[in-house]
Amino acid sequence: MNGNGPFDALRATREERLDLCAYLDTLASEQWRAPSLCPGWTVRDVVAHLTTSTTTTLRHVLFGMIRARGDFDRMEKERAAALARRFTPDDLVRQIRETAGSASRAPGSSRVDPLLDVLVHGQDIARPLGQQRPMRPERAVPALAHAVTSRFYGARKRFGGMRLEATDTSWTFGEGALRVAGPVADLMLVATGRQAGVAALDGSGVDTLTERLAPG
């Protein structure tokens, strides 16, 4: 709940997708080729991946997992790269814009996952370009609350024994002895396994969190 009534995940997702499209319209061609926060993914790959948010079916997942030999991350990367080769940047942005209000989502995902996806990937795109994409608290807080409790992102293990505190809005989570505080956007990046968010965090749990995020 918020001051305006129950949280409308679909509306928030639509607004965030349209905001991201407006941002993508400003990128130069060399920025589309730049690396993102996702290892091995360009900005164009990430945007291509976002077009799949409303088009992924169970058939896509089953056949994709077979081709990727059971590796989910590899499946996602291969599909995104194929779409990035097939479509121009303008095509990809148009696809996201045209499906911004779609309620369709990948099998097994919750109604908040598409919102979390576009928020996090917006950071994946902007930060390596040295640009900022501020998050609206009314959209970001529900997405972060979902990320830290979902089994999919590994955040429950990553944040085990910790108390999280947002420094730019009113939000806390957990009752652990170790404290981790920082902006919502950076907490969200870490919740979804991205080391790039750690630098903006503070508190007694940061060293432990850094160890848990280390590769391998």
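The values are calculated or read from the model by the stated rules, or taken from the named source; none is laboratory data. Being a predicted model, the structure only gives us computed values, none of them experimental. Positions of Cβ are backbone-derived with ideal geometry, glycine not excepted, and every protein chain shown enters the neighbour counts. The accessibility values were calculated without ligands, DNA or RNA, using every heavy atom of the protein model including side chains. Shrake-Rupley method; radii C 1.70, N 1.55, O 1.52, S 1.80 Å.
A few remarks follow.
- When residues in the stretch 20-51 are screened for being surrounded by 18 or more Cβ atoms within 10 Å (Cβ to Cβ) and of a type outside the set (A, V, I, L, M, F, W, C), 7 of them pass.
- Scan of the stretch 128-144 for residues that are in contact (Cβ under 8 Å) with a residue 40 or more places away in the chain and open to solvent by less than 70 Å² (accessible area, probe 1.4 Å), ordered by number: P128, L129, R133, M135, P137, R139, A140, V141, P142, A143, L144
- Those residues of the stretch 145-171 which are surrounded by 19 or more Cβ atoms within 10 Å (Cβ to Cβ), farther than 22 Å from L20 by Cβ and touching a strand residue (DSSP E or B) at 6+ places or on another chain (Cβ under 9 Å), in sequence order: V148, F159, M162, L164
- Every residue from the stretch 108-121 that is surrounded by 15 or more Cβ atoms within 10 Å (Cβ to Cβ) and farther than 14 Å from R14 by Cβ: S109, D113, L116, V120, H121
- Residue in the stretch 62-81 that is of a type in the set (V, I, T), modelled with pLDDT of 90 or more and surrounded by fewer than 16 Cβ atoms within 10 Å (Cβ to Cβ) present: no
- Within the stretch 78-98, the only residue that satisfies the criterion of being over 25 Å from G40 (Cα atoms) and under 18 Å from the mean Cα position of the chain (by Cα) is R97.
- In the stretch 185-197, the qualifying residues are those that are of a type in the set (A, V, I, L, M) and over 16 Å from K157 (Cβ atoms), and the one that is surrounded by the fewest Cβ atoms within 10 Å (Cβ to Cβ) is A196.
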